[in-house]
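The values are calculated or read from the model by the stated rules, or taken from the named source; none is laboratory data. Being a predicted model, the structure only gives us computed values, none of them experimental. Neighbour counts are summed over all protein chains in view; Cβ atoms, including those assigned to glycine, are modelled from backbone coordinates with ideal geometry. These area figures cover heavy atoms from the full protein model, side chains too; ligands, DNA and RNA do not enter into them. Shrake-Rupley method; radii C 1.70, N 1.55, O 1.52, S 1.80 Å.
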Amino acid sequence: MKRRNFIKNSAAGTAGIISAPLLASCEDKKNTAKESAATTSVKPIVIATWDVENATAKAWEVLNKGGSALDAVEQGVMMEEADVNNQSVGKGGRPDRDGNVTLDACIMDKDSNCGAVVYLQNITHAVSVARKVMEDTPHVMLAGKGAEQFAYEKGFQKENLLTEKSKQEWLEWAKTSKYEPIINIENHDTIGMLTIDSNGDMAGACTTSGMAYKIGGRIGDSPIIGAGLFVDNEVGGATATGVGEEVVRTVGSFLIVELMRQGKSPQEACEEGVRRILAKNKNKPDFQIGFIAMNKKGETGAYCIHPGFSYRVFSELGHTNTPSNSHIKA
Ligand code: GLY
């Protein structure tokens, strides 16, 4: 599989974004933030893991028409879920070791509402099912057959997600008859996306078919709120790509948002998130983890364990793709 570029924007897109007011009490702060958002011209911005130009362009289109941050992240990552050439997300995703394509996704809005699906089969748009879980049920997460049944009830169509290409590659892998899921850099392209809309509100989404040739039932970080994705509309958001087990162990995205709450920049917070993982993995072989983050001012950051990553930003200035900083070993 072709290595993707994981893209970073420098300071682009920050102009016109409101700053958090400094106030004495939490209540005052909340009220003033709302007033500021209503009266200030905030510039929308989209940030996504990997070189997902179609996804960021779609999200931007939604924001540019005055759409919400939530609609933008959903419609943005749907582009990747529908792209059969992306073999790590949605339709065309690589299967588990038994040949089943199983999807994990989550979504989070400005009010800290969230929804997730795990081990979802036969439905391309896992992120949209996650949104239905968030909006139409009192729950946060649905799994497996229950999630699939719920999706049909909501009008989603059954589809075969295993493309001929992914099937042939899996059959080739299966010839080894050894359990070795692929965890290297070439096989983890989870899509995480964060947006700010023209009201200054934030949302995030994360979607994946998970680790290629995993044990049936394995779930990574992507559908787990706090691990693969976290958004706090008063602070910022973060999302992850890479080996989910490592992100779950450190509750990576929540950690990064909390570090931003304490005053770190998105870049500093992503670097600390990666450092925490490296510190617990001194003797492990090479693996891939990447975080992206954005604060309420529209400042962005990204950091990863491997070199050659980048993340993509779409702001009023258009697309920006700059390789992110990276760190190879602790
Ligand atoms: N980050 C995706 C996964 O580990 O499944």
**Prompt:** Each residue of region 54-67 in turn: what ³J(HN,Hα) in whole Hz from Karplus with 6.51, -1.76, 1.60 and θ = phi - 60°, glycine and Pro shown as x?
**Reply:** 5, 5, 5, 5, 5, 4, 4, 4, 5, 5, 5, 8, x, x
**Prompt:** Taking Rh as the Kirkwood radius computed over C-alpha pairs, what is the Stokes-Einstein D of region 208-286 at 20 °C in a medium of viscosity 1.002 mPa s, expressed in µm² per second?
**Reply:** 165 µm²/s
**Asked** List the trypsin sites (Lys or Arg not before Pro) in region 227-315 that DSSP assigns to loop (not H, G, I, E or B) and whose Cβ has at most 16 other Cβ atoms within 10 Å. Which are they?
**Response** K280, K282
**Asked** Given a Förster radius of 22 Å and the C-beta distance between E268 and E245 as r, what FRET efficiency does 1/(1 + (r/R0)^6) yield to the nearest 0.05?
**Response** 0.35
**Asked** For region 40-198, what D do you get in µm² per second when you plug the Kirkwood radius from alpha-carbon pairs into Stokes-Einstein at 25 °C and 0.890 mPa s?
**Response** 149 µm²/s
**Fill in**
So the FRET efficiency between E61 and R261, C-beta based with R0 = 30 Å and rounded to 0.05, is 0.45
**Probe 1.4 Å, accessible area per residue of region 33-145, Å²** = 36 Å²
**region 109-248 shape via C-alpha gyration tensor axes, a/c threshold 1.5** = oblate
**Request:** With an 8 Å cut-off on Cα pairs and a minimum separation of 6 or more residues, tell me the relative contact order of region 249-323 in percent.
**Result:** 26 percent
**Request:** Give the Debye-formula value of log10 I(q)/I(0) at each listed q (0.13, 0.27 Å⁻¹), with one equal scatterer per alpha carbon of region 47-93, two decimals each.
**Result:** -0.27, -0.91
**Request:** Figure the gain on full extension for V84 and Q168 (residue separation times 0.36 nm, minus the Cα-Cα span) and round it to one decimal in nm.
**Result:** 28.8 nm
**Item:** Label point distance in nm, Y152-N321, each placed 7 Å from Cα along Cα→Cβ
**Value:** 4.1 nm
**Fully extended contour minus Cα-Cα distance, from E159 to K282, at 0.36 nm per residue** = 40.0 nm
**Item:** Cα centroid separation - region 206-263 against region 139-160, whole Å
**Value:** 22 Å
